[in-house]
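Inspection log for the structure reproduced underneath, given as structure tokens.
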Amino acid sequence: MAPLDLAVEARLLAVLFSFVVLLTLFVGGNIDCNVPILGGEQMYLSLKELGRETLLVVYPDEYHEFKTPSHIKDLHERYLAWYAHYVKADGTPARPLPSNDKPSAD
């Protein structure tokens, strides 16, 4: 099977992502070899381009299983904030309050 032309692949992905209406939170480590963050980054960018509400957080120097305690704490806080905001709809911000030791998010 021949590889797809990049333009064709981009159009196919745009059609596929146009059906995504759920809120998405992509999280990963930048050195994860099991599930490289590149896939999440591509999905995030495609959904942003379509105007979907989405968030991408990439933790530096983390593999598939996070080891840095501050990253683990941040990840749990993000999950809880996301859940409280979108599932419980209790008025909690979708992101935890920023802190100096947290990775950047977009």
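The values are calculated or read from the model by the stated rules, or taken from the named source; none is laboratory data. All values derive from a computational prediction rather than experimental measurement. Here Cβ is always computed from backbone atoms with ideal geometry, including for glycine, and neighbour counts include all displayed protein chains.
Descriptive notes on the structure:
- Qualifying residues in region 66-98 (those that are assigned to a loop (DSSP other than H, G, I, E, B) and touching a Lys or Arg at 6+ places or on another chain (Cβ under 8 Å)) - the one farthest from Phe26 (Cα to Cα): Pro96
- Region 41-65 - residue that is among the aromatic types (Phe, Trp, Tyr) and within 11 Å of Val27 (Cα to Cα) and, of those, surrounded by the most Cβ atoms within 10 Å (Cβ to Cβ): Tyr59
- Matching residues in region 22-38 - criterion: being exposed (fewer than 13 other Cβ atoms within 10 Å of the Cβ) and at pLDDT below 90: Leu22
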